[in-house]
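The values are calculated or read from the model by the stated rules, or taken from the named source; none is laboratory data. Since the model is a prediction, treat every value here as computed from it, not as a measurement. So basically every Cβ, Gly included, is an ideal-geometry build from the backbone, and we count neighbours across all protein chains shown.
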Amino acid sequence: MRKSERRKTAAARQATTQPAEAQWRTTQETLVMAQISRTTLHKAVKAGTFPKPIKIGKKCVWIEDEIKQWMKR
């Protein structure tokens, strides 16, 4: 299998593991939604009590459903 074919297969597999309707939230949107400060957010992520962000280049985003689940707890 060629390298390009492996990439396409991996991308297709990854696309099926994440729900298509998943909404991403920026750091600022996450802070407003969770009603916490930036410092508290980063401490909670480091402690493992808040969902980890997904890095897209230099930007971090959170999945809205994970934030909602955290808020229910």
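Given the conditions (1) exposed (fewer than 10 other Cβ atoms within 10 Å of the Cβ); (2) at pLDDT below 95; (3) not hydrophobic (A, V, I, L, M, F, W, C), report the number of the one that R7 does not fulfil. Of (1) exposed (fewer than 10 other Cβ atoms within 10 Å of the Cβ); (2) at pLDDT below 95; (3) not hydrophobic (A, V, I, L, M, F, W, C), only one is false for R7: (1). Considering only the stretch 39-73, state which residues are within 16 Å of T26 (Cβ to Cβ) and either in a loop (DSSP other than H, G, I, E, B) or among the small types (G, A, S) (or both). Correct list: F50, P51, K52, P53, G57, K58.
Taken over the stretch 28-38, the criterion of being hydrophobic (A, V, I, L, M, F, W, C) and not in a loop (DSSP other than H, G, I, E, B) is satisfied by L31, V32, M33, A34.
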